[in-house]
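Throughout, read-outs are computed from the coordinates displayed, never taken from laboratory work. All figures in this text were calculated on a predicted structure; none of them were measured in a lab. Cβ sites come from the backbone with ideal geometry, for glycine too, and all protein chains shown count toward neighbours.
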């Protein structure tokens, strides 16, 4: 049985991103997956690394729990909006706080490349945006995709990573959103 973790990175629990996460969940549960969830916007944690990486900032219990869920998962589904070309600050803060040396990666003596500690997991990233997908991909060159897929997930050993984009969400019709929700539910059913 596949163990799936859904991480909703939108700070508003009533957002379309929450509906997309729920649609994926419905599909995955119908397919027999084990499932856990993290709604990043509901977690009580300090958003920034106040001291950078010079001084350790103790993890709040909710972040320790999030790390345990990531270790438990076979497949991690990330759902978030693209704002100003990147992920919301709360999701970036979540990643900054938990994807730490010793958990997600570690440098070993004599090696310039880190050991990837989260191998054996795959991911699906579902992104919404106000821009068209074409504009995001070709004019902006996919900054949020590069960050989550290459800089975060691949760096830690999580792959393959599938990407799903939904653009012009702000001007989309209820009918279009219903089609997108069905598409995401099918991804859940296939556990992709």
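Criterion first (out of contact with any strand residue (DSSP E or B) (no Cβ under 6 Å at 6 or more places or on another chain) and either in a strand (DSSP E or B) or farther than 30 Å from residue 190 by Cα (or both)) does residue 127 satisfy it?
So residue 127 fails the test.
Considering only residues that are assigned to a loop (DSSP other than H, G, I, E, B), in contact (Cβ under 8 Å) with a residue 60 or more places away in the chain and within 13 Å of residue 79 (Cβ to Cβ), which ones fall in region 11-54?
11, 15
When both residues are 6+ apart or on different chains and their Cβ atoms are under 9 Å apart, which pairs have a first residue that lies in region 171-182 and is over 17 Å from residue 21 (Cβ atoms), and a second that is surrounded by 12 or more Cβ atoms within 10 Å (Cβ to Cβ)?
From region 171-182, the pairs are 171/130; 172/16; 172/166; 172/180; 176/166; 176/168; 176/169.
If I ask for residues that are part of a helix (DSSP H, G or I) and in contact with a helix residue (DSSP H, G or I) (Cβ under 8 Å, 6 or more places away or on another chain), which ones from region 159-186 would you list?
Across region 159-186, the qualifying residues are 169, 177, 180, 181, 182, 184, 185, 186.
Can you name every residue in region 136-158 that is buried (at least 17 other Cβ atoms within 10 Å of the Cβ), outside any helix (DSSP H, G or I) and out of contact with any strand residue (DSSP E or B) (no Cβ under 6 Å at 6 or more places or on another chain)?
142
If we scan region 109-120, do we find a residue that is out of contact with any strand residue (DSSP E or B) (no Cβ under 9 Å at 6 or more places or on another chain), without any contact (Cβ under 8 Å) to a residue 60 or more places away in the chain and within 28 Å of residue 187 (Cα to Cα)?
yes
Got at least one residue in region 44-63 being farther than 17 Å from residue 91 by Cα and either under 18 Å from the mean Cα position of the chain (by Cα) or buried (at least 18 other Cβ atoms within 10 Å of the Cβ) (or both)?
The answer is no, given that none of the residues of region 44-63 is farther than 17 Å from residue 91 by Cα and either under 18 Å from the mean Cα position of the chain (by Cα) or buried (at least 18 other Cβ atoms within 10 Å of the Cβ) (or both).
Would you confirm whether or not region 70-90 contains a residue that is surrounded by fewer than 21 Cβ atoms within 10 Å (Cβ to Cβ), in a strand (DSSP E or B) and free of Cβ contacts under 8 Å to residues at least 12 places away in the same chain?
Yes, that holds for at least one residue.
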